[in-house]
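Take a look at the structure set out below.
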Amino acid sequence: MLQFTTKILRFKEQGEKTGWTYILVPGSLAAQLMPGNKKGFRVKGFLDDYAFGGISLMPMGDGNFILTLNAAVRKGIRKSRGAEVQVKMEIDTKPIMPPKELLECLADEPIAMDRFKILTKSHQNYFTNWINQAKTEPTKAKRIAASINSLAKGLGFGEALKSLRKHE
């Protein structure tokens with residue numbers, strides 16, 4: 001398991017990443033997990049005593065990687081930008097499975113199912129993770145319905161979220 005200490009950072013102006021909170025994982029450390037890899041991959045481990053899993057290390061194009069810290073993670077570690085955090089991580093090989101409710105609904109909508117099947121695994125995972133992160137059953141149902149409708153219209157995950165925001 002890779003172990004190191006780092007500071008929590010936040011992007012100021014970085015295109016779509018503007019405002020993201022993250023930790024930097026130098027390429028030399030990421031190479032200890034997956035030698036020669038330049039693409040994103042999922043990791044699990046601990047930030048201080050907070051356990052996490054299924055989070056992607058994303059390449060920055062300069063050989064380094066970032067691990068984004070969403071609100072739930074920041075709340076879990078009770079730290080924000082500028083604080084130091086103890087990191088322990090390893091590759092997360094646990095497969096991400098779509099919720100059975102999504103698969104049942106996709107079975108009733110062949111066009112949406114066909115479009116879901118042709119998505120790359122990482123893009124299927126965007127929908128899966130979004131649905132699985134719902135805190136209530138009504139929110140989960142709403143996200144499943146939105147996913148089915150978006151897929152039936154030929155929208156990818158990013159386009160689906162933009163479309164939902166326009167209608168809120």
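For every residue, the table says whether it meets (1) assigned by TED's automatic domain parsing to the domain that holds Gly158; (2) surrounded by 15 or more Cβ atoms within 10 Å (Cβ to Cβ); (3) part of a loop (DSSP other than H, G, I, E, B).
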position: Lys7; (1), (2), (3): no, no, no
position: Glu13; (1), (2), (3): no, no, yes
position: Gly19; (1), (2), (3): no, no, yes
position: Val43; (1), (2), (3): no, yes, no
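Let me spell it out: the conditions are (1) surrounded by 12 or more Cβ atoms within 10 Å (Cβ to Cβ); (2) under 26 Å from Asn37 (Cα atoms); (3) of a type in the set (Val, Ile, Thr), and Thr120 meets all of them except one. Which number is the exception?
(1)
Could you check region 21-41 and list, in sequence order, the residues that are surrounded by 12 or more Cβ atoms within 10 Å (Cβ to Cβ) and within 18 Å of the chain's Cα centre (by Cα)?
If the condition is that a residue be surrounded by 12 or more Cβ atoms within 10 Å (Cβ to Cβ) and within 18 Å of the chain's Cα centre (by Cα), then Thr21, Tyr22, Ile23, Leu24, Val25, Ala30, Lys38, Gly40, Phe41 are the ones that fit.
May I ask you to verify whether Gly54 is in contact with an Asp or Glu (Cβ under 8 Å, 6 or more places away or on another chain), surrounded by fewer than 16 Cβ atoms within 10 Å (Cβ to Cβ) and modelled with pLDDT under 90? Let's see the steps before the verdict.
Values: in contact with an Asp or Glu (Cβ under 8 Å, 6 or more places away or on another chain): yes; surrounded by fewer than 16 Cβ atoms within 10 Å (Cβ to Cβ): yes; modelled with pLDDT under 90: yes.
It is true that Gly54 is in contact with an Asp or Glu (Cβ under 8 Å, 6 or more places away or on another chain), surrounded by fewer than 16 Cβ atoms within 10 Å (Cβ to Cβ) and modelled with pLDDT under 90.
Just a yes or no: is a residue in region 64-72 over 21 Å from Glu16 (Cβ atoms), free of Cβ contacts under 8 Å to residues at least 24 places away in the same chain and of a type outside the set (Val, Ile, Thr)? Step through it out loud before you land on a result.
Of the residues in region 64-72, the ones over 21 Å from Glu16 (Cβ atoms) are none.
Within region 64-72, not a single residue is over 21 Å from Glu16 (Cβ atoms), free of Cβ contacts under 8 Å to residues at least 24 places away in the same chain and of a type outside the set (Val, Ile, Thr).
Looking at (1) crowded, with 18+ Cβ neighbours inside 10 Å; (2) free of Cβ contacts under 8 Å to residues at least 40 places away in the same chain; (3) charged (D, E, K, R); (4) in the same structural domain as Leu29 (by TED's automatic domain parsing), find the lone condition where Lys75 falls short.
Among (1) crowded, with 18+ Cβ neighbours inside 10 Å; (2) free of Cβ contacts under 8 Å to residues at least 40 places away in the same chain; (3) charged (D, E, K, R); (4) in the same structural domain as Leu29 (by TED's automatic domain parsing), Lys75 violates only (1).
Among the residues that make up region 75-98, is at least one of them in contact with a strand residue (DSSP E or B) (Cβ under 7 Å, 6 or more places away or on another chain) and assigned to a helix (DSSP H, G or I)?
Looking through region 75-98, at least one residue is in contact with a strand residue (DSSP E or B) (Cβ under 7 Å, 6 or more places away or on another chain) and assigned to a helix (DSSP H, G or I).
Condition test on Lys38, is it among the charged types (D, E, K, R), farther than 30 Å from Ala141 by Cβ and either in a strand (DSSP E or B) or not assigned by TED's automatic domain parsing to the domain that holds Phe127 (or both)?
Values: among the charged types (D, E, K, R): yes; farther than 30 Å from Ala141 by Cβ: yes; either in a strand (DSSP E or B) or not assigned by TED's automatic domain parsing to the domain that holds Phe127 (or both): yes.
Considered against the rule, which asks whether it is among the charged types (D, E, K, R), farther than 30 Å from Ala141 by Cβ and either in a strand (DSSP E or B) or not assigned by TED's automatic domain parsing to the domain that holds Phe127 (or both), Lys38 comes out as yes.
If only one of Gly61, Gly40, Gly45, Gly76 is closer than 30 Å to Ile148 by Cα and among the small types (Gly, Ala, Ser), which one is it?
On the way: Gly61 fails: closer than 30 Å to Ile148 by Cα; Gly45 fails: closer than 30 Å to Ile148 by Cα; Gly76 fails: closer than 30 Å to Ile148 by Cα.
So the residue among Gly61, Gly40, Gly45, Gly76 that is closer than 30 Å to Ile148 by Cα and among the small types (Gly, Ala, Ser) is Gly40.
The values are calculated or read from the model by the stated rules, or taken from the named source; none is laboratory data. The shown structure was predicted, so the numbers you read here are calculated from the model rather than taken from an experiment. FYI the Cβ positions are ideal-geometry reconstructions off the backbone, even for glycines, and counts take in every protein chain you see.
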